[in-house]
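Following: one structure in structure tokens, then a few remarks.
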Amino acid sequence: MKTTLVAAAACAAVGAACAQTSVQVFGVIDTAVTYASGSGYGSTHKWQLTNSGNSFSRLGFRGTEDLGGGLAAGFWLEAGLQSDNGTGFATNLNNQASGTVGSGLITFNRRSTVSFSGPFGELRLGRDYTPTFWNTALYDPFGTGGGIGANHLYFAGLGGLLSATGTRASNSVGYFLPPNLGGFYGQVMVAMGENDNRSLLPGTLISNRHDGNYAGLRVGWLSGPFNITIATGKTRYATGDLRVSNLGASYTFESLWGMRLMGEYYTESLGPVDGRGALVGINLPVGAGEIKASYARYKRDPVGSVPNPTSDKLALGYVYNLSKRTALYGTLAYLRNRNGATQSLAGTITAPNRAARGTEFGMRHNF
């Protein structure tokens, strides 16, 4: 992370007024060679240069200003990058499917906030992570990157994490508890879909003025090696509300070389359809590197006479840290489908009730 030349020049122009202001540029470039294959009739396999296998590629700018008396103002702009081809990611304007814009362009889709903080906590306005996403990110040893190791079963299941508010919400007002509460922490968020009061679903007389309105809550406790968090949230839609809840926990065994054991239980519902999943994983430091492993399962409730589509996934990875900022990594993954499920790896196609396999080798650099 470096202070930008632009910020330095601006501070030089105004003199001492910038003495208590800091602006940083930061980011991650993460690119991997990936091979994935499905099985069964109509399946596909392919080699790819992919991105974000270990950590999401990104470019960001953030800054804080000390206002005195323990108060501070801040901003955070963060854009997701597809480092394999140089393009960016779309963002969403209104927490609804119709609001997705900017595909392939550099947008500040990951975060765009201004904040005010002090002894009372932090008030944050703009586009930010939803409370219900944090457990999926924090309690998976592979994180939520684009790699084959990350638990994408939840994302491709019923669709809760693929929804407009599955990871982040635009037009949000968020509050974070202060960090001095004896290990307790928490977040609450409300976000607006910004439809007017006479808005209707296209071609109908059904009001959708509340579509895209989100409310969520996250509460946790961190004490030494133990961390536990529970979160829940709801996004309103005229066609059926989306509800997501999850519970995550981890424990670090210092007597076992610092091994961190973690897990998550996840539920979602979209109208009358429900889905649920679970994950257990480990992160084991070994010299200059770390071993990662996880097992995840996702199952949807039956619809009519259709059985419960179920997917299971095993992942094993190793990360070797060349320095504090640069790492090499490799991952193996195996996915099995049952009861009509068709989940796959890295954009390949897998036939119903069949398996998928994948491997990747990549490099990540933080700056």
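A few notes on this one:
- Qualifying residue in segment 264-274 (condition: of a type outside the set (F, W, Y), more than 17 Å from the chain's Cα centre (by Cα) and at pLDDT 95 or above): no
- The residues on offer are V28, V33, and the sole one that is in a strand (DSSP E or B), open to solvent by less than 20 Å² (accessible area, probe 1.4 Å), in contact (Cβ under 8 Å) with a residue 40 or more places away in the chain and out of contact with any helix residue (DSSP H, G or I) (no Cβ under 7 Å at 6 or more places or on another chain) is V28.
- Filtered residues of segment 157-177 (kept if within 16 Å of D241 (Cα to Cα) and in contact (Cβ under 8 Å) with a residue 40 or more places away in the chain): L158, G159, G160, L161, S163, A164, T165, G166, A169
Yes/no matrix, rows are residues, columns are (1) open to solvent by less than 30 Å² (accessible area, probe 1.4 Å); (2) of a type in the set (K, R); (3) touching a Gly at 6+ places or on another chain (Cβ under 6 Å):
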{"position": "D211", "(1), (2), (3)": "yes, no, yes"}
{"position": "A215", "(1), (2), (3)": "no, no, no"}
{"position": "A231", "(1), (2), (3)": "yes, no, no"}
{"position": "D241", "(1), (2), (3)": "no, no, no"}
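- Every residue from segment 353-367 that is within 18 Å of T50 (Cβ to Cβ) and not polar (S, T, N, Q): A356, R357, G358, E360, F361, G362, M363, R364, H365
- Verdict on D140 being in a loop (DSSP other than H, G, I, E, B), open to solvent by less than 40 Å² (accessible area, probe 1.4 Å) and modelled with pLDDT of 95 or more: yes
- So A169, is it modelled with pLDDT under 95 and farther than 21 Å from L279 by Cα: no
Matching residues to (1) within 26 Å of T31 (Cβ to Cβ); (2) open to solvent by less than 60 Å² (accessible area, probe 1.4 Å); (3) not in a strand (DSSP E or B):
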residue	(1), (2), (3)
L279	yes, yes, no
A293	yes, yes, no
N308	no, yes, yes
L335	yes, yes, no
T350	yes, yes, yes
A356	yes, yes, no
T359	yes, yes, no
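- If you check L181, L162, L123 for being of a type in the set (A, V, I, L, M, F, W, C), assigned to a loop (DSSP other than H, G, I, E, B) and closer than 30 Å to G224 by Cα, only one passes: L181.
- In segment 258-273, the residues that are surrounded by fewer than 16 Cβ atoms within 10 Å (Cβ to Cβ) and assigned to a strand (DSSP E or B): V273
- Residue within segment 175-186 that is farther than 23 Å from D274 by Cβ and of a type in the set (A, V, I, L, M) present: yes
- Within the option set A315, A346, being part of a loop (DSSP other than H, G, I, E, B), in contact (Cβ under 8 Å) with a residue 60 or more places away in the chain, open to solvent by less than 40 Å² (accessible area, probe 1.4 Å) and within 30 Å of G27 (Cβ to Cβ) holds for one residue only, A346.
- Residue match in segment 58-76 (condition: touching a helix residue (DSSP H, G or I) at 6+ places or on another chain (Cβ under 9 Å), open to solvent by 30 Å² or more (accessible area, probe 1.4 Å), closer than 30 Å to Y251 by Cα and in a strand (DSSP E or B)): no
- Among residues of segment 179-195 being open to solvent by less than 90 Å² (accessible area, probe 1.4 Å) and not aliphatic (A, V, I, L, M), the one that is farthest from T165 (Cα to Cα) is G182.
- Any hit, segment 128-138, residues being of a type outside the set (A, V, I, L, M, F, W, C) and under 19 Å from S311 (Cα atoms): yes
- The listed residues are G40, G15, and the only one of them that is closer than 26 Å to A351 by Cβ and either modelled with pLDDT of 95 or more or not in a strand (DSSP E or B) (or both) turns out to be G40.
- Within segment 106-120, the set of residues being closer than 20 Å to L93 by Cα and either buried (at least 18 other Cβ atoms within 10 Å of the Cβ) or touching a His at 6+ places or on another chain (Cβ under 9 Å) (or both) comprises T107, F108, N109, R110, R111, S112, T113, S115.
- Segment 202-223, residues that are in contact with a strand residue (DSSP E or B) (Cβ under 8 Å, 6 or more places away or on another chain) and not aromatic (F, W, Y): I206, S207, N208, G212, N213, A215, G216, L217, R218, V219, G220, L222
The values are calculated or read from the model by the stated rules, or taken from the named source; none is laboratory data. Bear in mind that the values here come from a model prediction, so they are computed numbers and not experimental data. Virtual Cβ from ideal backbone geometry, glycine too; neighbours counted across all protein chains shown. Ligands, DNA and RNA are excluded from the accessible area calculation, which covers all protein heavy atoms including side chains. Shrake-Rupley method; radii C 1.70, N 1.55, O 1.52, S 1.80 Å.
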